[in-house]
Amino acid sequence: MFTVATLLYDDVRAFDFGVICEVWGMDRTNGGLPGFELRRCSAGARPVRMFPGVTVSATHDLTGLDDADLVVVPGRDAPFTPVEPEVLCALRTAHARGVPVGSLCAGAFVLAAAGLLDGRRAVTHWALADRLAADHPQVRVEPDVLFIEDRGVWTGAGTVGGVDLCLELVRRSHGATVANAIARRMVAAAHRTGGRRSSSSARSRRSPRRGPRWPRPWTGRGRTSTGR
C-alpha cells in the first residue's frame, strides 16, 4: 500500500491538514480506487494543536517518515517561528533516502529551514513570497505559479493551491485516472498545471482603478446568482 507521511508540528493550519486527509486519508476502495496509508507524524508522537484551536493526535513519531513513499508538510499559521531541530533532521533524512517531499502553502518555510530548497525553485503563498526570498536567499522563489517540482522537492502555493499540488502528486504516483477520480469525489478541478499563473498574485501586482464588480442577482436569463 502506498504510504504518505504528513508532518505535524505546532500551529499547523487545519485547512492544509484537511486537504491532505481528503486526498490520501479517505477510504475509496469501494469505488475501485487504490488505498493509501496516511501517517500523522510528530515529534514524540505527541498530539499537536493546529490553527485555529483544533488538536490532532499522531499515529507515529518522526520515524514514520523513514519508510514512507511520500512526505507532505502542511503550512502553519506562524510560518516564521523556528521549527524543532529534530523535525528538520527527519525531513533531511527522508529526502536523503530519495523520498519525494512536498509542502503546502507556508510549509515551504519548513523545507527551506531544513535546507531542502537550497538552489531550488519554490513557491509559497503569494503574500509570503517576498519574506521567503528574504529569509532564504538561496531559494529561487517563483510567486506566480500554483506548484513547482524541482529534483524531487515539491512546493505549492497558498490555500486552494494545495489541492492542485496534492492531486498532481497522486497523478505522478498513480496516474491521471486515479487523480481525476479523486478530484471528482472532492468536486475539485481535475487538473490545473503547476505553471498556471496564480490569479491572486497577479492581481496583487496591479493597482486597482475601480471598485470590485459584484455579481448581478439572478434574473432567470443566464445572469450570475449571488445566492446558492
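The values are calculated or read from the model by the stated rules, or taken from the named source; none is laboratory data. Computed from a predicted structure; not experimentally measured. Using ideal geometry, Cβ is built from the backbone for each residue, glycine included, and neighbour counts are taken over all protein chains shown. With ligands, DNA and RNA removed, areas are computed over all heavy atoms of the protein, side chains included. Shrake-Rupley method; radii C 1.70, N 1.55, O 1.52, S 1.80 Å.
Before moving on, here are some points about what is shown:
- In region 130-176, the residues that are closer than 13 Å to G75 by Cβ and small (G, A, S): G156, A157, G158, G161, G162
- Residue tally, condition within 10 Å of the chain's Cα centre (by Cα) and of a type in the set (S, T, N, Q), over region 157-194: 1
- For region 20-59, residues that are among the hydrophobic types (A, V, I, L, M, F, W, C), open to solvent by 40 Å² or more (accessible area, probe 1.4 Å) and part of a loop (DSSP other than H, G, I, E, B) total 1.
- Taking region 119-139 as the range and being in a loop (DSSP other than H, G, I, E, B), over 21 Å from Y9 (Cβ atoms) and hydrophobic (A, V, I, L, M, F, W, C) as the test, no residue passes.
- Complete set of residues in region 1-13 that are modelled with pLDDT of 95 or more and either surrounded by fewer than 18 Cβ atoms within 10 Å (Cβ to Cβ) or assigned to a loop (DSSP other than H, G, I, E, B) (or both): F2, T3, L8
- Apart from one condition, D144 fits all of (1) open to solvent by less than 40 Å² (accessible area, probe 1.4 Å); (2) of a type in the set (D, E); (3) modelled with pLDDT of 95 or more; the exception is (3).
Table: residues versus (1) hydrophobic (A, V, I, L, M, F, W, C); (2) modelled with pLDDT under 95; (3) part of a helix (DSSP H, G or I); (4) open to solvent by less than 50 Å² (accessible area, probe 1.4 Å).
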| site | (1), (2), (3), (4) |
| --- | --- |
| A68 | yes, no, no, yes |
| C89 | yes, no, yes, no |
| A106 | yes, no, yes, yes |
| L117 | yes, no, no, yes |
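- Residues considered: L165, L132. Of these, the only one that is open to solvent by less than 20 Å² (accessible area, probe 1.4 Å) and either within 23 Å of L65 (Cα to Cα) or at pLDDT below 95 (or both) is L165.
- Matching residues in region 51-79 - criterion: being of a type outside the set (G, A, S) and in contact (Cβ under 8 Å) with a residue 60 or more places away in the chain: L65, D67, D69, L70, V71, V72, V73, P74, R76, D77
- Answer residue from region 147-157, given it is of a type outside the set (S, T, N, Q) and in a strand (DSSP E or B) and is most open to solvent (accessible area, probe 1.4 Å) among those: E149
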